[in-house]
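A.B. asks: Before I ask anything, here is the structure I am working with.
Readers should treat all values here as calculations from the given coordinates under stated rules, not as data from a laboratory. Because the structure is a prediction, the values reported are computed rather than measured. We place every Cβ from the backbone using ideal geometry, glycine too, and count neighbours over all the protein chains shown.
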Amino acid sequence: MLASDPTHDSINLNCTGASAELHLLPCSVDHNGPAKTTTYFLPKQTGTTFEAAFRGRQIHGRSVDLPHGYTGHVVESTTGSFGAFENDTSARVELLSVEQFTSITVWEHDQLPRPDDEAISALA
């Protein structure tokens, strides 16, 4: 957990990066970093729903807007990995916003995510 002491923490939300497309997939991907998603992940959109294949399996997605007045940020640490701060509460944490988003696409196997899906409910 990151400490909340303002003398040790810093978050720069002056984002100069582009808007991000965020996808919450129904699986675990053991990768942390950039990926060629525009080459290999090609969802087909119909209104606010999507259909795609991921690793050969059919998935269905629903676009969910963040609540009015909210903007999400993709952040990266400028002071090291997040894991380094878990046991050292006096460590200085600096985060930089590299992209921002106002919606997220929630995906499920074989069917559209239900409106009462945990991820969708959390964003309401």
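A.B. asks: Sorted by mean Cβ packing within 10 Å, highest first, what order do the peptides 95-107, 29-41 take?
C.D. replies: 95-107, 29-41
A.B. asks: Work out the FRET efficiency for L66 and T38 from their Cβ-Cβ distance, taking R0 = 25 Å, and round it to the nearest 0.05.
C.D. replies: Result of the calculation: an efficiency of 0.65.
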